[in-house]
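See structure below.
The values are calculated or read from the model by the stated rules, or taken from the named source; none is laboratory data. Every value quoted in this text rests on a predicted model; they were computed, and no experiment measured them. FYI the Cβ positions are ideal-geometry reconstructions off the backbone, even for glycines, and counts take in every protein chain you see. Side chains included, ligands, DNA and RNA excluded: accessible areas come from the protein's heavy atoms. Shrake-Rupley method; radii C 1.70, N 1.55, O 1.52, S 1.80 Å.
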Amino acid sequence: MAVAPGRFITFEGIDGAGKSSHIEPLADWIRAQGHEVLLTREPGGTPLAENLRELVLHRRMDALTETLLVFAARRDHLQQLILPALARGATVLCDRFTDATYAYQGGGRGFDTAVLAQLEAWVQQGRQPDLTLWFDLPAPLAAQRRAAARAPDRFESQDLEFFARVRTAYKSRAQMSPGRFETIDALGDREQVWSRVQTRVAARGWY
Ligand code: TYD
């Protein structure tokens with residue numbers, strides 16, 4: 001019997017947009033329909049990549065170093081965890097992926113996107129998510145949500161202009177790949193946003 005293709009679904013949005021609270025409910029919903037689900041995140045997902053995450057989130061470094069570490073983590077994550085899971089037909093739900101690099105390193109830090117595209121091509125060799133759920137919220141509202149939540153890391157402590165640039169970069173990524181992206185309006189309470197997520201995923205007809 002042929003193995004069903006694994007689906008690779010990524011979650012994106014500026015810090016405070018609320019994406020993370022919908023990953024587990026989506027995993028439960030897909031599992032309830034009899035599918036294997038792997039939940040993971042970037043930077044991270046493997047022991048090596050989690051070590052790199054620690055450095056990227058908490059040590060000072062320039063934008064090129066940051067970008068190289070994020071892509072090094074991604075390479076290990078893809079090879080060790082994501083590609084094997086997709087090959088056995090699992091659904092992979094990943095909290096952030098390469099769109100975050102375009103948004104944070106490209107938009108936020110102003111790093112050269114041509115270099116990002118070259119690294120992306122080397123690391124991913126054409127592999128892209130099948131679906132990207134982009135949780136969109138204006139930067140000032142996301143900042144209010146963050147303030148209530150936790151101690152900031154190197155990215156979360158950036159100013160409103162930084163997050164406005166990150167949001168703009170996400171928007172242009174979404175416009176470049178309209179078939180892959182679903183823009184989720186992240187305004188409203190958790191249940192309202194969750195029902196938007198469920199509707200958009202169900203519309204793909206995969207589960
Ligand atoms: P985040 O999902 O916000 O983790 P948590 O909710 O546990 O704090 O991701 C961590 C940070 O990493 C986030 O601020 C964005 C940043 N990041 C990049 O700058 N580039 C990347 O390529 C990725 C994947 C994340």
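How much of the accessible area of the chain, in percent, comes from carbon and sulfur atoms when a 1.4 Å probe is used?
53
Gain in length, ALA203 to ALA149, computed as 0.36 nm per residue apart minus the alpha-carbon separation, to one decimal in nm?
16.2 nm
With a sphere of radius 14 Å drawn around the Cβ of ALA63, what net charge do the other residues whose Cβ falls strictly inside it have (Lys, Arg +1; Asp, Glu -1)?
+2
Which of rounded, prolate, oblate describes the chain, given a ≥ b ≥ c as roots of the alpha-carbon gyration tensor eigenvalues and a/c under 1.5 marking rounded, otherwise prolate only if a/b is larger than b/c?
Cα axes put the chain in the oblate bin.
Treat every Asp and Glu Cβ in the chain as -1 and every Lys and Arg Cβ as +1, leave all other atoms uncharged, and give the resulting dipole magnitude about the Cα centre to the nearest 20 debye.
200
Please report the net charge: other residues with Cβ closer than 14 Å to the Cβ of THR199, K and R +1, D and E -1.
0
Only loop residues by DSSP count here, and only those with at most 14 other Cβ atoms within 10 Å; note down the GluC sites (Glu not before Pro) in the range 26-69 that meet that.
Sites meeting the loop and neighbour criteria: GLU36.
Local charge sum around ASP153 (other residues, Cβ-Cβ under 11 Å, Lys/Arg +1, Asp/Glu -1)?
Residues near ASP153 contribute +2 overall.
Just the accessible area per residue of the chain, please: how many Å² with a 1.4 Å probe?
Solvent-accessible surface per residue comes out at 48 Å².
Would you pull out the residues with amide H under 5 Å of THR46's amide H, same chain only if 5 or more places away, H placed 1.01 Å from N?
Hits under the 5 Å cutoff: none.
Describe numerically, in nm with one decimal, the distance between label points set 7 Å from Cα along Cα→Cβ at GLU191 and at GLN175.
Result: 3.6 nm between the two label points.
Just need the relative contact order of the chain here, percent rounded to a whole number, with Cα pairs under 8 Å and 6+ apart.
Worked out over the chain, it gives 31 percent.
Provide the per-residue ³J(HN,Hα) series for the range 200-207, in order, calculated from phi with Karplus coefficients 6.51, -1.76, 1.60 and θ = phi - 60°, each as a whole number of Hz, with x at glycine and proline positions.
Karplus-based 3J(HN,Hα) across the range 200-207 equals 5, 6, 4, 4, 6, x, 8, 10 Hz.
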